[in-house]
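Reading through the C-alpha coordinates given below for one structure.
The values are calculated or read from the model by the stated rules, or taken from the named source; none is laboratory data. Remember, it's a predicted structure, so these values are computed and weren't measured experimentally. No Cβ is skipped: glycine too gets one built from the backbone with ideal geometry, and neighbour counts run over all protein chains shown. Calculation scope for accessible area: heavy atoms of the full protein, side chains included, ligands and nucleic acids excluded. Shrake-Rupley method; radii C 1.70, N 1.55, O 1.52, S 1.80 Å.
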Amino acid sequence: MIDLYYWPTPNGHKITIFLEETGLDYRIHPVDISAGDQFKPEFLAFSPNNRMPAIIDHDPGDGDGPITVFESGAILLYLAEKTGRLLPVDLRGRKTVMEWLMWQMGGLGPMAGQNHHFAQYAPEQIPYAINRYVNETNRLYDVLDRRLSGRDWVAGDYSIADIAIYPWIVPHERQKQTLTDFPHLERWFRSMQERPAVIAAYEKGAPWSGRPTVTDEGKKLLFGQTAGGDKQDGADS
(Lines give C-alpha, C1' and ligand atoms only; values in the text may rest on other atoms or scores of the structure.)
Protein backbone atom coordinates (compact mmCIF):
# COMPACT_ATOMS: atom_id res chain seq x y z
CA MET A 1 0.00 0.00 0.00
CA ILE A 2 1.21 3.47 -0.96
CA ASP A 3 -0.07 6.44 1.02
CA LEU A 4 -0.10 9.39 -1.38
CA TYR A 5 -0.23 12.93 0.01
CA TYR A 6 -1.72 14.81 -2.88
CA TRP A 7 -3.53 17.79 -4.33
CA PRO A 8 -4.73 17.98 -7.96
CA THR A 9 -1.89 20.10 -9.32
CA PRO A 10 0.54 19.14 -12.12
CA ASN A 11 3.00 17.64 -9.64
CA GLY A 12 0.25 15.74 -7.88
CA HIS A 13 -1.13 14.37 -11.15
CA LYS A 14 2.27 12.93 -12.06
CA ILE A 15 2.07 10.45 -9.22
CA THR A 16 -1.52 9.35 -9.72
CA ILE A 17 -0.77 8.76 -13.41
CA PHE A 18 2.15 6.50 -12.51
CA LEU A 19 0.13 4.63 -9.90
CA GLU A 20 -2.75 4.11 -12.29
CA GLU A 21 -0.40 2.95 -15.07
CA THR A 22 1.22 0.34 -12.84
CA GLY A 23 -1.78 -0.75 -10.78
CA LEU A 24 -0.09 -0.22 -7.43
CA ASP A 25 -2.48 -0.15 -4.49
CA TYR A 26 -2.69 3.38 -3.06
CA ARG A 27 -4.85 5.69 -1.02
CA ILE A 28 -5.00 9.44 -1.32
CA HIS A 29 -4.57 11.81 1.61
CA PRO A 30 -5.57 15.27 0.34
CA VAL A 31 -3.19 18.11 1.20
CA ASP A 32 -5.14 21.33 0.66
CA ILE A 33 -2.28 23.69 -0.18
CA SER A 34 -4.53 26.74 -0.13
CA ALA A 35 -5.64 25.92 3.41
CA GLY A 36 -2.09 25.36 4.67
CA ASP A 37 -2.22 21.58 5.14
CA GLN A 38 1.39 21.40 3.91
CA PHE A 39 2.54 23.14 7.09
CA LYS A 40 1.07 20.64 9.49
CA PRO A 41 3.78 19.05 11.66
CA GLU A 42 2.74 15.52 10.76
CA PHE A 43 3.24 16.32 7.06
CA LEU A 44 6.49 18.22 7.56
CA ALA A 45 7.86 15.20 9.38
CA PHE A 46 8.37 13.43 6.04
CA SER A 47 8.06 16.28 3.52
CA PRO A 48 10.44 18.89 4.93
CA ASN A 49 10.09 21.27 1.96
CA ASN A 50 6.38 21.67 2.84
CA ARG A 51 5.36 20.66 -0.66
CA MET A 52 3.18 17.88 -1.90
CA PRO A 53 3.26 15.26 -3.33
CA ALA A 54 4.90 12.90 -0.92
CA ILE A 55 4.44 9.19 -0.34
CA ILE A 56 4.79 6.57 2.34
CA ASP A 57 5.54 3.10 0.97
CA HIS A 58 4.51 0.49 3.51
CA ASP A 59 6.11 -2.36 1.57
CA PRO A 60 9.57 -1.19 0.41
CA GLY A 61 11.96 -3.51 -1.31
CA ASP A 62 14.37 -3.75 1.60
CA GLY A 63 11.64 -5.01 3.94
CA ASP A 64 12.88 -2.68 6.66
CA GLY A 65 9.65 -0.86 7.51
CA PRO A 66 7.85 2.03 5.79
CA ILE A 67 9.83 4.48 3.70
CA THR A 68 8.93 8.07 2.84
CA VAL A 69 9.74 9.95 -0.37
CA PHE A 70 9.17 13.62 -1.17
CA GLU A 71 9.64 15.60 -4.44
CA SER A 72 7.68 14.40 -7.46
CA GLY A 73 10.71 13.49 -9.58
CA ALA A 74 12.22 11.46 -6.77
CA ILE A 75 8.88 9.72 -6.23
CA LEU A 76 8.64 8.76 -9.91
CA LEU A 77 12.18 7.37 -9.88
CA TYR A 78 11.56 5.49 -6.64
CA LEU A 79 8.33 3.94 -7.85
CA ALA A 80 9.80 3.08 -11.25
CA GLU A 81 12.65 1.26 -9.57
CA LYS A 82 10.27 -0.42 -7.12
CA THR A 83 8.04 -1.77 -9.88
CA GLY A 84 10.60 -2.22 -12.65
CA ARG A 85 8.25 -0.27 -14.89
CA LEU A 86 8.48 2.84 -17.08
CA LEU A 87 12.24 3.29 -16.65
CA PRO A 88 14.63 1.42 -18.95
CA VAL A 89 17.27 -0.82 -17.45
CA ASP A 90 19.80 -0.31 -20.25
CA LEU A 91 22.35 2.45 -19.72
CA ARG A 92 21.45 4.64 -22.68
CA GLY A 93 17.72 4.31 -22.38
CA ARG A 94 17.80 5.08 -18.67
CA LYS A 95 20.07 8.05 -19.28
CA THR A 96 17.66 9.51 -21.82
CA VAL A 97 14.62 9.14 -19.57
CA MET A 98 16.48 10.79 -16.70
CA GLU A 99 17.57 13.68 -18.95
CA TRP A 100 13.97 14.47 -19.88
CA LEU A 101 12.72 13.96 -16.35
CA MET A 102 15.30 16.50 -15.15
CA TRP A 103 14.37 18.79 -18.05
CA GLN A 104 10.84 18.88 -16.69
CA MET A 105 11.91 19.25 -13.06
CA GLY A 106 14.48 21.97 -13.74
CA GLY A 107 12.96 23.70 -16.75
CA LEU A 108 9.35 23.23 -17.80
CA GLY A 109 7.91 22.96 -14.29
CA PRO A 110 9.62 25.98 -12.73
CA MET A 111 9.23 28.20 -15.80
CA ALA A 112 5.57 27.32 -16.33
CA GLY A 113 5.05 27.75 -12.58
CA GLN A 114 6.43 31.28 -12.72
CA ASN A 115 4.29 31.86 -15.80
CA HIS A 116 1.20 30.90 -13.76
CA HIS A 117 2.32 33.04 -10.84
CA PHE A 118 2.97 36.33 -12.61
CA ALA A 119 0.09 36.03 -15.09
CA GLN A 120 -2.58 34.91 -12.61
CA TYR A 121 -1.62 35.22 -8.96
CA ALA A 122 0.71 38.19 -8.56
CA PRO A 123 -0.92 41.17 -6.78
CA GLU A 124 0.15 43.44 -9.63
CA GLN A 125 0.64 42.79 -13.32
CA ILE A 126 4.31 43.18 -14.26
CA PRO A 127 4.57 43.02 -18.06
CA TYR A 128 8.29 42.24 -18.06
CA ALA A 129 7.84 39.25 -15.73
CA ILE A 130 4.80 37.97 -17.62
CA ASN A 131 6.58 38.23 -20.98
CA ARG A 132 9.74 36.66 -19.58
CA TYR A 133 8.02 33.49 -18.42
CA VAL A 134 5.48 33.23 -21.23
CA ASN A 135 8.35 33.44 -23.71
CA GLU A 136 10.49 30.92 -21.84
CA THR A 137 7.54 28.53 -21.65
CA ASN A 138 7.13 28.98 -25.39
CA ARG A 139 10.80 28.16 -25.96
CA LEU A 140 10.48 24.99 -23.87
CA TYR A 141 7.38 23.92 -25.80
CA ASP A 142 9.45 24.26 -28.96
CA VAL A 143 12.24 22.13 -27.46
CA LEU A 144 9.69 19.44 -26.67
CA ASP A 145 8.05 19.73 -30.09
CA ARG A 146 11.37 19.20 -31.84
CA ARG A 147 12.16 16.26 -29.59
CA LEU A 148 8.84 14.60 -30.49
CA SER A 149 9.36 14.94 -34.24
CA GLY A 150 9.40 11.37 -35.51
CA ARG A 151 8.90 9.91 -32.01
CA ASP A 152 5.79 8.59 -30.32
CA TRP A 153 7.18 9.23 -26.83
CA VAL A 154 9.69 11.62 -25.34
CA ALA A 155 12.47 9.15 -24.52
CA GLY A 156 11.79 6.19 -26.81
CA ASP A 157 9.23 3.95 -25.12
CA TYR A 158 6.52 5.40 -22.90
CA SER A 159 8.16 6.28 -19.57
CA ILE A 160 8.17 8.43 -16.46
CA ALA A 161 9.48 11.25 -18.67
CA ASP A 162 6.12 11.43 -20.47
CA ILE A 163 4.28 11.13 -17.15
CA ALA A 164 6.26 14.00 -15.62
CA ILE A 165 5.85 16.35 -18.59
CA TYR A 166 2.20 15.86 -19.52
CA PRO A 167 0.52 17.50 -16.48
CA TRP A 168 2.55 20.65 -17.11
CA ILE A 169 1.21 20.86 -20.68
CA VAL A 170 -2.42 20.36 -19.64
CA PRO A 171 -2.78 24.05 -18.56
CA HIS A 172 -1.31 25.30 -21.85
CA GLU A 173 -4.03 27.90 -22.30
CA ARG A 174 -3.28 29.38 -18.87
CA GLN A 175 0.36 29.49 -19.95
CA LYS A 176 -0.66 31.50 -23.03
CA GLN A 177 0.48 28.74 -25.40
CA THR A 178 -1.28 27.41 -28.50
CA LEU A 179 -0.83 23.69 -29.07
CA THR A 180 -1.46 23.92 -32.80
CA ASP A 181 1.80 25.90 -33.02
CA PHE A 182 3.57 22.69 -31.97
CA PRO A 183 2.19 19.83 -34.10
CA HIS A 184 4.43 17.05 -32.77
CA LEU A 185 3.78 18.07 -29.18
CA GLU A 186 0.05 18.28 -29.89
CA ARG A 187 -0.01 14.76 -31.35
CA TRP A 188 1.81 13.42 -28.27
CA PHE A 189 -0.49 15.39 -25.97
CA ARG A 190 -3.60 13.85 -27.54
CA SER A 191 -2.09 10.37 -27.19
CA MET A 192 -1.41 11.01 -23.52
CA GLN A 193 -4.86 12.48 -23.00
CA GLU A 194 -6.49 9.29 -24.28
CA ARG A 195 -4.58 6.82 -22.11
CA PRO A 196 -6.97 5.06 -19.69
CA ALA A 197 -4.55 5.53 -16.78
CA VAL A 198 -4.31 9.27 -17.44
CA ILE A 199 -8.09 9.57 -17.56
CA ALA A 200 -8.39 7.59 -14.32
CA ALA A 201 -5.71 9.67 -12.62
CA TYR A 202 -7.49 12.93 -13.34
CA GLU A 203 -10.78 11.42 -12.22
CA LYS A 204 -9.13 10.60 -8.87
CA GLY A 205 -8.51 14.32 -8.40
CA ALA A 206 -12.06 15.30 -9.29
CA PRO A 207 -13.38 15.52 -5.69
CA TRP A 208 -10.99 18.40 -5.02
CA SER A 209 -10.58 19.94 -8.48
CA GLY A 210 -13.65 22.14 -8.13
CA ARG A 211 -12.19 24.05 -5.21
CA PRO A 212 -10.29 27.28 -5.84
CA THR A 213 -6.64 26.44 -6.46
CA VAL A 214 -5.46 29.54 -4.65
CA THR A 215 -7.64 31.70 -2.41
CA ASP A 216 -6.61 35.14 -1.16
CA GLU A 217 -5.61 33.58 2.15
CA GLY A 218 -3.89 30.79 0.29
CA LYS A 219 -1.70 33.28 -1.56
CA LYS A 220 -0.26 34.37 1.77
CA LEU A 221 0.58 30.75 2.54
CA LEU A 222 1.91 29.80 -0.88
CA PHE A 223 3.76 32.94 -1.92
CA GLY A 224 4.89 34.53 1.34
CA GLN A 225 7.20 31.98 2.95
CA THR A 226 10.54 33.02 4.37
CA ALA A 227 13.41 31.18 5.99
CA GLY A 228 11.95 31.80 9.41
CA GLY A 229 8.58 30.37 8.43
CA ASP A 230 6.86 33.76 8.21
CA LYS A 231 4.32 34.26 5.48
CA GLN A 232 4.06 37.66 3.86
CA ASP A 233 2.05 38.86 0.91
CA GLY A 234 3.75 39.01 -2.46
CA ALA A 235 6.74 36.74 -2.01
CA ASP A 236 7.20 33.83 -4.38
CA SER A 237 7.13 30.21 -3.26
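Quick notes on this structure:
- Within a Gaussian network of the chain (alpha carbon springs, distance under 10 Å), most fluctuating of Gln114, Gln177, Gln125: Gln125
- Length added when fully stretched, Met102-Arg146, from 0.36 nm per residue minus Cα-Cα: 14.1 nm
- In the context of the full set of protein chains, the chain has a per residue accessible area of 48 Å² (1.4 Å probe).
- Taken one residue at a time, the phi angles of segment 29-34 give Karplus couplings (6.51, -1.76, 1.60, θ = phi - 60°) of 10, x, 10, 6, 6, 7 Hz. Gly and Pro are set to x.
- Among Glu186, Glu124, Glu71, residue whose mean-square fluctuation peaks in a GNM of the chain (springs only between Cα atoms under 10 Å): Glu124
- In this calculation the C-beta distance from Arg85 to Trp208 is compared with R0 = 30 Å, giving a FRET efficiency of 0.65.
- Annotation: amide H of Tyr6 within the under-5 Å range of His29, Val31, sequence separation 5 or more or interchain, hydrogens built in the peptide plane.
- Temperature 25 °C, viscosity 0.890 mPa s: under these conditions the Stokes-Einstein estimate for the chain, based on its Kirkwood radius over C-alpha pairs, is 132 µm² per second.
- Comparing mean-square fluctuations of Trp208, Trp100, Trp188 from a GNM of the chain with C-alpha springs under 10 Å, the top value falls on Trp208.
- Close amide H pairs (under 5 Å, H built 1.01 Å from N) link Tyr158 with no residue at least 5 positions away or on another chain.
- Summarising the amide proton neighbourhood of Tyr26: residues at separation of 5 or more, or on other chains, whose placed amide H is nearer than 5 Å comprise Ile2.
- Burial ranking of peptide ranges 39-45, 140-146 (average Cβ count within 10 Å, highest at the top): 140-146, 39-45
- Under the criterion of Cα pairs below 8 Å and six or more residues apart, the relative contact order for the chain equals 23 percent.
- Whole-angstrom gap from segment 1-67 to segment 157-194, using each part's C-alpha centre: 24 Å
- Computed E for His58/His29 - FRET, C-beta separation, R0 22 angstrom, nearest 0.05: 0.95
- Taking all protein chains together and rolling a 1.4 Å probe, Lys95 ends up with roughly 100 Å² accessible.
- A crude spin-label estimate for the pair Ala74 and Leu179, with each label 7 Å from Cα along the Cβ direction, gives 3.3 nm.
- In sequence order, segment 46-52 has phi-based couplings of 10, 10, x, 8, 6, 9, 9 Hz under the Karplus curve 6.51 cos²θ - 1.76 cosθ + 1.60, θ = phi - 60°, and Gly or Pro positions carry x.
- Ser72 exposes around 10 Å² of accessible area when a 1.4 Å probe is run over every protein chain in place.
- Taking the 1.4 Å solvent-accessible surface of segment 1-139 as the whole, the part contributed by carbon and sulfur is 53%.
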